[in-house]
Amino acid sequence: MFDQITILAPGLLGASLGMAAKASQLARTVKVWARREEVREACLRMDWCDAGFAGLEASVEGSELAIVCAPVDIIPELVEQIRPHLGGGALITDVGSTKAAICRQCKDQAGLARFVGSHPMAGSEKSGLEHARADLFMDRPCIVTPLESTPEASLRRITAFWEGVGMRVHAVSPEEHDRIVAHISHLPHLVASLLARQLGGSPAEWAALAGNGLRDTTRIAAGSPAIWRSIFANNSAEVMHALTGLEEQLACCKSLIARQDWSAMEQFLADGQRFRKGLE
């Protein structure tokens, strides 16, 4: 599909994408850009990476696709830096967890590479390329977020790329994306963190008695605080709406327990069970 692609800031997602692109024969040459020398050297020791660069301009020269895998607050800056060094027919996408601000800041400019926002829903509480794997994206959803002015041909090509690594692609506006993920991704992370933070003040021996339920419920709280701070800052309005809905559910639950209305509590729990089973 592409003779050459560049992955900027390869971590878990970026390195996994390089592996998947090579394994699926979506790119003949995969280059990377990373600020840290040890990251570049680690990538070069892997068979999916053909070249590593410390300079942004050199890393994207000749590439038909650049994928920005940096934290959401620096994605627009990197996009604007690499655009003049890509051919006019080249594409840029990203893997950021927020989209409205990024897509509006990276809107198309005449004669420069086109940007189409992407959010592969394939992350993990783990970070770093040492956890990367080629099948990370297989049968996972990917949300692409074209603007009103995005050419259909660019959208089709980005969609085909994500489908090529095994993803199920859905296209929505950047604003709708942020509303959706505030509820299905950002709120769950906050809930896990809230529970873990509350239990962090409990006696130390309690943790030794915990079963798999607590580990499953709080697993994503192990994610990078710095990365999640940027995500919440970039999607604060929608996260606040999601938290308001959670407060309403919590108030309802407290009221049922206070009234000892166990019949209604069973129905309350059944409603949650129904949604959870639907995820399967």
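Structure data summary
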item: Of all residues making up the range 221-280, the number that are within 23 Å of the chain's Cα centre (by Cα) and aromatic (Phe, Trp, Tyr); result: 3
item: Selection within the range 28-39 - farther than 15 Å from residue 161 by Cβ and either among the hydrophobic types (A, V, I, L, M, F, W, C) or crowded, with 19+ Cβ neighbours inside 10 Å (or both); result: 31, 32, 33, 34, 39
item: Residues located in the range 105-120, provided they are in contact (Cβ under 8 Å) with a residue 40 or more places away in the chain and out of contact with any helix residue (DSSP H, G or I) (no Cβ under 7 Å at 6 or more places or on another chain); result: 107, 108
item: Strands (runs of 3 or more DSSP E) contained in the range 89-177 and holding at least 2 residues open to solvent by less than 30 Å² (accessible area, probe 1.4 Å); result: 91-94, 117-120, 141-145
item: Selected residue (only one of 196, 204 is more than 28 Å from residue 100 (Cβ to Cβ) and modelled with pLDDT under 95); result: 204
item: Condition broken by residue 189, with the remaining ones in (1) over 22 Å from residue 125 (Cβ atoms); (2) in contact (Cβ under 8 Å) with a residue 24 or more places away in the chain; (3) part of a helix (DSSP H, G or I) satisfied; result: (1)
item: Qualifying residue in the range 260-267 (condition: within 17 Å of residue 188 (Cα to Cα), open to solvent by 70 Å² or more (accessible area, probe 1.4 Å) and free of Cβ contacts under 8 Å to residues at least 60 places away in the same chain); result: no
item: Top-ranked residue in the range 207-223 [being open to solvent by 60 Å² or more (accessible area, probe 1.4 Å) and over 19 Å from residue 126 (Cβ atoms); ranked as modelled with the highest pLDDT]; result: 209
item: Residue 53 being touching a residue at least 12 places away in the same chain (Cβ under 8 Å) and touching an Asp or Glu at 6+ places or on another chain (Cβ under 8 Å); result: no
item: Matching residues, the range 72-88, being open to solvent by 50 Å² or more (accessible area, probe 1.4 Å) and under 24 Å from residue 225 (Cα atoms); result: 73, 77
item: Candidate set: the range 2-27, residues that are more than 21 Å from residue 154 (Cβ to Cβ) and more than 19 Å from the chain's Cα centre (by Cα); chosen: the one most open to solvent (accessible area, probe 1.4 Å); result: 25
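Quick grid of which residues meet (1) part of a helix (DSSP H, G or I); (2) of a type in the set (D, E, K, R):
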{"residue": "38", "(1), (2)": "yes, yes"}
{"residue": "47", "(1), (2)": "no, yes"}
{"residue": "62", "(1), (2)": "no, no"}
{"residue": "66", "(1), (2)": "no, no"}
{"residue": "75", "(1), (2)": "yes, no"}
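The values are calculated or read from the model by the stated rules, or taken from the named source; none is laboratory data. Note that the structure is a prediction, hence the values are computed from the model and not measured. Cβ sites come from the backbone with ideal geometry, for glycine too, and all protein chains shown count toward neighbours. The accessibility values were calculated without ligands, DNA or RNA, using every heavy atom of the protein model including side chains. Shrake-Rupley method; radii C 1.70, N 1.55, O 1.52, S 1.80 Å.
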